[in-house]
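The values are calculated or read from the model by the stated rules, or taken from the named source; none is laboratory data. The structure presented is a predicted model; accordingly, all values stated were derived computationally and were not measured. In this analysis, Cβ positions are derived from the backbone assuming ideal geometry, glycine residues included, and neighbour counts consider all displayed protein chains. Side chains are part of the model used for accessible areas, which takes the heavy atoms of the whole protein and leaves out ligands, DNA and RNA. Shrake-Rupley method; radii C 1.70, N 1.55, O 1.52, S 1.80 Å.
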Amino acid sequence: MRRTNGDGSIYRRKDGRWCASVYSDVNGNVSRRYVYGKTQKEVRAKLKQLEQQILTEENEQKYPFLHKKLSDWVNEYLETFKKPVLKETTYTTYGHFFRKHILNDKIGEIVMGKITSEILQEYYQRKQLSGLSAKTIHHIHVLINGSIEKAYQLGYIEQNVCNRVILPKKEKYVGRMMDLKNVRRFIRDAKEERLYPIIVTAMLTGLRRGELFGLHWKDIDVKNRILHVRGSLCPIQKVDEQGMTHTEYEVLEPKTSKSLRVVPLSNDVLVALQIQREWQEQCKEILGCDFVNPENFVFTDYNGKTLAHRKFLDDYYATLDKYDIPRIRFHDLRHTFASLLLESGENLKAIQELLGHSQISTTMDIYTHFSEELRRKSIDNLENLIDDE
């Protein structure tokens with residue numbers, strides 16, 4: 001960019017208007033650009049504005065990455081570098097965080113050349129004040145930090161500004177279990193409840209929700225009293241020909257081979273599964289061809305379709321409320337299974353295999369939650385032994 005004649009480039013035309021010009025070279029196109037005004041002062045101000053605009057355009061040409069919006073780069077990072085190596089479920093999760101918290105947030109409009117640690121720190125604090133959990137903020141940071149680190153590795157930027165950001169501390173969730181008294185009462189009294197089969201199966205097999213939703217009738221061997229865990233039903237984001245995203249559900253193999261396992265079935269689970277099969281048969285008789293379950297899933301809605309997660313959880317909590325059972329997460333039924341095994345004296349290695357944990361340390365974490373209670377129970381048993389004459 002250069003002026004034609006320095007400060008003398010501002011001049012008055014024959015028609016009385018003031019004029020100024022400046023050359024620009026953007027993308028190899030050299031051109032002379034003009035500004036006009038009624039006064040010399042007005043033209044000087046317009047000329048300064050034009051020079052700044054041309055400087056920005058030339059910088060964008062010379063350093064295009066620095067003028068790319070954060071949302072554009074994170075999306076490119078996801079599509080180019082992460083999609084080929086991530087599991088579909090993980091990619092879908094990252095896509096959700098991207099759309100909700102970056103693309104549709106003002107942070108996504110900031111260009112890469114202006115992203116600073118202070119800006120990111122303010123963004124995370126704003127998210128925390130809005131009620132977002134520390135865990136979710138950490139997930140978002142993994143995405144932003146990964147994209148900026150990749151830009152640094154590629155030489156697009158001189159540093160990763162994420163390194164100086166302080167994230168909120170995550171509070172480790174301690175699972176709550178259904179106690180033995182309520183387990184017994186539910187199994188005895190709740191057989192007429194629609195969710196009885198899946199709740200009992202969850203609390204007495206330790207299957208994850210996705211594993212239960214992805215369970216096929218062929219996976220259940222009644223004769224040998226076992227079931228095979230072969231995958232998990234997962235939500236997958238799909239893009240149609242019009243570029244619109246929608247969610248489909250697919251049974252995917254688990255992250256580790258340990259999750260592929262065989263779980264023995266108790267009498268209570270076999271009864272629960274029989275109740276579920278009979279209910280499905282009744283639905284088929286009533287709905288006829290409107291009952292659609294081509295995958296032959298065990299746990300479905302009345303019409304054979306996949307259970308809607310939100311409605312399922314609402315119904316689950318309503319069922320607990322009906323029996324005055326303290327509300328626990330559905331996933332805590334898995335912890336309930338572990339606690340029942342621990343209370344019965346089962347060893348940690350067997351519990352690890354039944355739960356499908358890839359590492360014994362994960363099982364040990366659950367054991368730690370119960371250790372104080374179990375120690376107390378051991379002392380109580382000792383007292384009973386001594387006092388028993």
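With open to solvent by 70 Å² or more (accessible area, probe 1.4 Å) and within 26 Å of E79 (Cβ to Cβ) as the only criterion, which of E253, E278 stands out?
Sole residue among the options that is open to solvent by 70 Å² or more (accessible area, probe 1.4 Å) and within 26 Å of E79 (Cβ to Cβ): E253.
Let me confirm something: among E285, E253, which residue is closer than 28 Å to K100 by Cβ and of a type in the set (D, E, K, R)?
E253
Can you go through E285, E248 and tell me which one is in a helix (DSSP H, G or I), open to solvent by 50 Å² or more (accessible area, probe 1.4 Å) and free of Cβ contacts under 8 Å to residues at least 60 places away in the same chain?
Working: E248 fails: in a helix (DSSP H, G or I).
Matching residue, one of E285, E248: E285.
How many residues are open to solvent by 20 Å² or more (accessible area, probe 1.4 Å) and of a type outside the set (K, R) when one looks only at the range 298-326?
Total satisfying the criteria: 16.
Can you tell me which residue among Y77, Y23 is more than 24 Å from Y156 (Cβ to Cβ) and among the aromatic types (F, W, Y)?
Numbers: Y77 fails: more than 24 Å from Y156 (Cβ to Cβ).
So the residue among Y77, Y23 that is more than 24 Å from Y156 (Cβ to Cβ) and among the aromatic types (F, W, Y) is Y23.
Per-residue answers, yes or no, for (1) in a helix (DSSP H, G or I); (2) open to solvent by 10 Å² or more (accessible area, probe 1.4 Å); (3) of a type in the set (V, I, T):
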{"residue": "Y156", "(1), (2), (3)": "no, yes, no"}
{"residue": "I166", "(1), (2), (3)": "no, yes, yes"}
{"residue": "M178", "(1), (2), (3)": "no, no, no"}
{"residue": "R185", "(1), (2), (3)": "yes, yes, no"}
{"residue": "K191", "(1), (2), (3)": "no, yes, no"}
{"residue": "I199", "(1), (2), (3)": "yes, no, yes"}
{"residue": "L204", "(1), (2), (3)": "yes, yes, no"}
{"residue": "L207", "(1), (2), (3)": "no, no, no"}
{"residue": "G210", "(1), (2), (3)": "yes, yes, no"}
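Could you go through the range 111-129 and let me know if any residue there is surrounded by fewer than 16 Cβ atoms within 10 Å (Cβ to Cβ) and over 27 Å from K169 (Cα atoms).
Within the range 111-129, one or more residues are surrounded by fewer than 16 Cβ atoms within 10 Å (Cβ to Cβ) and over 27 Å from K169 (Cα atoms).
I'm checking my understanding of the structure. Among residues of the range 22-52 that are over 50 Å from the mean Cα position of the chain (by Cα), among the charged types (D, E, K, R) and surrounded by 12 or more Cβ atoms within 10 Å (Cβ to Cβ), which one is farthest from S9 (Cα to Cα)?
Looking at the filtered set, the residue picked out is E42.
Counting only residues that are at pLDDT below 95 and of a type in the set (G, A, S), which one in the range 69-115 is nearest to M244 (Cα to Cα)?
Looking at residues that are at pLDDT below 95 and of a type in the set (G, A, S), I get G95.
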